[in-house]
1. Considering only PHE23, THR33, CYS69, whose Cα is most displaced toward the positive end of the charge dipole of the chain, charges sitting on Cβ of Lys, Arg (+1) and Asp, Glu (-1)?
2. Mind checking the per residue accessible area of the chain for me, 1.4 Å probe, whole number of Å²?
3. What distance in nm lies between label points placed 7 Å from Cα along the C-beta direction at ALA52 and VAL64?
4. For LEU13, what residues show an amide H to amide H distance below 5 Å, using hydrogens built from the backbone and excluding near sequence neighbours?
5. Using each residue's phi in segment 8-24, evaluate 6.51 cos²θ - 1.76 cosθ + 1.60 at θ = phi - 60° and report the 3J(HN,Hα) Karplus result to the nearest Hz, with x for Gly and Pro.
6. When the accessible area of the chain is computed with all protein chains present and a 1.4 Å probe, what percentage of it is carbon and sulfur?
7. Of [x] 25; [y] 47; [z] 18, which is the value of percent of Cα pairs over 20 Å apart derived from the coordinates here?
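The values are calculated or read from the model by the stated rules, or taken from the named source; none is laboratory data. Everything numeric in this text was worked out from a predicted model, so none of it was measured. Glycine gets a Cβ as well: all are built from the backbone with ideal geometry, and neighbour counts include every protein chain shown. To get the accessible areas, we keep the full protein, side chains included, count just its heavy atoms, and leave off ligands, DNA and RNA. Shrake-Rupley method; radii C 1.70, N 1.55, O 1.52, S 1.80 Å.
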Amino acid sequence: LSSTFTVEDEVLLPTLELDGYDFLGWYNNSSFTGNKVETIAKGTIGNKVYYAKLQKAEYANVNVTYNICY
């Protein structure tokens, strides 16, 4: 994600990927209250800080090996 943008741009916030966690959205406060933030609207000015809400995944990634016999 670019750390800068202009008032001419609408910016779609990316989906965060972090091993062992599910990404639940971006918020404009550290309490994760209110609506999720998905975009920075065209015409927005000033510095912005967004907080990623994460939840520990209840599953584990595993490698599966199998043999196909004919």
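1. THR33
2. With all protein chains present, the chain gives 88 Å² per residue.
3. Simple spin-label model gives 2.7 nm for this pair.
4. Distant-sequence amide H within range of LEU13: THR39, ILE40.
5. 8, 9, 9, 10, 8, 6, x, 7, 7, 10, 9, 3, x, 9, 9, 7, 10
6. Here carbon and sulfur together make up 49 percent of the probe-accessible area.
7. Checking each listed value against the structure points to [y].
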